[in-house]
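The values are calculated or read from the model by the stated rules, or taken from the named source; none is laboratory data. Please read all numbers here as calculations on a predicted model, not as lab measurements. Using ideal geometry, Cβ is built from the backbone for each residue, glycine included, and neighbour counts are taken over all protein chains shown. What goes into the accessible areas is simple: the full protein's heavy atoms, side chains included, and nothing from ligands, DNA or RNA. Shrake-Rupley method; radii C 1.70, N 1.55, O 1.52, S 1.80 Å.
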Amino acid sequence: MSVDTATDQLPLPPLAQGLPLVHNALAMQQDLMAFLMGEYRQLGPIFRVRALNQEFVVLAGPEANTFVTQEGADKFRSHEVWNDFGCEFDAQHSMLAIDGESHLQMRKLLKPSYSVSRLLSDIPMLVDIGQKVINQFQVGEEVPVLYLFRLIVTEQLGRALANHAPGADLLPTITTIRNSLNVYVSKQKPAFILKFPSYQRAKQRYLKMGQEILAEHRATTRDKKDLVDEILVASDKPAFHDTLGSEGQIAFAALGPFVAGLDTVSNECTFMLYELLSHPDILARCVAEADQLFADSEPTQEQIRSQGVLHAAMKETLRLHSIAPAINRTAAKDFTFAGHQVKEGQNVIIATTVSHFLPELFPDPYAFDVERYSDERREHKQRGSYTPFGVGTHLCLGAGAAEAQIVLVLASLLHLVNVERVAPQAKLRVKMDPTPTFGYNFRVRIGERRHQK
Ligand code: HEM
């Protein structure tokens, strides 16, 4: 345990006012971002909050994002936040749950497999998956948007990174990941829900899919190695004994692509379609750009990654509707920030996306404004301002791939088919399950086919 006497001289972070007994729990549960924004405005970039019997130190705003990025490597650990989730699947020391040297090693191993160029190495296959999913739905059919995108996104990631389509295992995967994250990571649900037979059945199917993927990769060789091949090679090396030493750890890592997009890319695609349908002028520009992307059959990597209006709309969606509005950590040592002390072992919330809503960084911050990303404005390039993929050592390894996938999926949908919102006047509520989501309440009606590839 590290003891820093200089840190002891400094005051504790100010405490947010709250209700007796529950303290800040209700306010945090009702609207986490509004609560964090209010406290940041009142108390500054570091403060304490209490939820029932737990206390957290919150670091917020661009100064906190910059501090964590530049000086945070040895100050935070993620073990307490993420390890139980992996253990649920016999996989302790999974990538999100480790820090230091072994974590760096794991990132180095997996980085090429999670890169944007790897995901986009077979664009015709990705486009074909999108088209087949969209063609499953009849003209006039009403579809929950999140479900539609989960079908496309998870199959694309599964096929591109693990040579496996989830097929009928998608629903058990959703049940497994949603419930286990809600229990172990966001802690919104009690542990007994994991005893329910429906969860247990889903989990067995999910684990069986992992075994099948490993068996298939052990039995065959590919011209181009994929993520699972890389994991299997590394698992024989002593350096990965702690992280990939057991069959459970290997399977959990191999199932990464099936989990990576479920709540993240799929929800962001959903929020983006919602914003486009709410802004017909921007929608029209995106449709025109999508048609251009597909003018010569499939778009190229360069086109998908170019800075057009689809790209700007994707960026703006990630700013306004982050699926990771804050990240949780434990202080790994005593340290100081903004004139206050934080002690080792303290629960920490890094409120990464408070900066997304500060008018001094993003004027009129609640407006969906795709011009923010123009060369003249570049508001997201200000220090610590734009962090939809987290901050620090665990920064999303699939950020580039995710951005490209959102653009490609939306471009495919807009090019292939007309869609209109079901019950456009109804107000949609964003809930936490386990990340911010409309759930299946946002639905569209599939309209006329615009193009067929
Ligand atoms: C818009 C979509 C996505 C968002 C917003 C997102 C966000 C995040 C965030 C905030 C973290 C850090 C969590 C923490 O520090 O506790 C993270 C980690 C990670 N993400 Fe993503 N993610 C997205 C999509 C993806 C995709 C598509 C992949 C894979 C292809 C991916 C792979 C990973 C991996 C491997 C990590 C763990 C990194 C580490 O522990 O070092 N993500 N993501």
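Details
- Taking 0.36 nm per residue of separation and subtracting the current Cα-Cα distance, fully stretching the chain between V185 and D296 would add 35.5 nm.
- When the chain is described by a simple charge dipole with +1 on each Lys and Arg Cβ and -1 on each Asp and Glu Cβ, the residue from L126, V153, P424 located farthest towards its positive end is P424.
- Rel. contact order, % - alpha carbon contacts under 8 angstrom, at least six apart, the chain: 26 percent
- Hits among lysines - C-alpha to C-alpha of K381 under 27 Å, sequence gap 8 or more where chains match: K75, K108, K111, K315
- The charge dipole of the chain, taken about the Cα centre with unit charges on the Cβ atoms of Lys, Arg (+1) and Asp, Glu (-1), comes to about 800 debye, rounded to the nearest 20.
- Inter-probe distance in nm under a simple model that places probes 7 Å from Cα toward Cβ, at A168 and D281: 5.0 nm
- Of the accessible area of segment 389-453, computed with a 1.4 Å probe over protein heavy atoms only, carbon and sulfur atoms account for 52 percent.
- Accessible carbon and sulfur surface of segment 108-229 relative to its total accessible area, %, 1.4 Å: 55 percent
- Farthest toward the positive end of the dipole of the chain, out of G72, S117, A16, is the Cα of A16, where the dipole comes from beta carbon charges about the Cα centre.
- The alpha-carbon atoms of segment 131-239 define a convex hull whose volume equals 149 cubic angstrom per residue.
- By the Cα gyration tensor, segment 213-330 has an equivalent ellipsoid whose semi-axes, rounded to whole angstrom, run 37, 21, 11 from largest to smallest.
- Per residue, the chain exposes 45 Å² of accessible surface when a 1.4 Å probe is rolled over the protein heavy atoms with every protein chain present.
- Where a label projected 7 Å from the Cα of D375 along Cα→Cβ would reach, residues of segment 274-303 with amide N under 20 Å: 302-303
- Given R0 = 22 Å, the distance between the Cβ atoms of S115 and K237 translates into a calculated FRET efficiency of 0.55.
- Separation of alpha-carbon centers, segment 343-414 and segment 137-206, rounded to whole Å: 25 Å
- Sequence-distant residues sharing a close amide H with L15 (under 5 Å, placed H): R48
- Structural descriptor for segment 1-85: relative contact order 24 percent, calculated from alpha carbon pairs under 8 angstrom and at least 6 residues apart.
- Segment 249-280 residues near the modelled C396 label - backbone nitrogen below 15 Å, point 7 Å along Cα→Cβ: 257-273
- Only the Cβ atoms of Lys and Arg (+1) and of Asp and Glu (-1) were treated as charged; on that basis the dipole of segment 222-352 about its Cα centre amounts to roughly 520 debye.
- The convex hull defined by the C-alpha atoms of segment 34-121 has an orientation-averaged projected area of 8.7 nm².
- Restricting segment 1-107 to trypsin sites (Lys or Arg not before Pro) in coil, as DSSP defines it, with at most 11 other Cβ within 10 Å: none
- Model label sites at A338 and D90, defined 7 Å from Cα along the beta-carbon direction, differ in position by 4.6 nm.
- Phi-derived couplings, Karplus 6.51 cos²θ - 1.76 cosθ + 1.60 at θ = phi - 60°, listed residue by residue for segment 362-374: 10, x, 6, x, 8, 7, 7, 10, 6, 7, 4, 9, 5 Hz, with x used for Gly and Pro.
- Label-point separation in nm, K431 to Q204, each point 7 Å along Cα→Cβ: 2.8 nm
- Beyond 34 Å, the tail of the calculated P(r) for the chain holds 34 percent of the Cα pairs.
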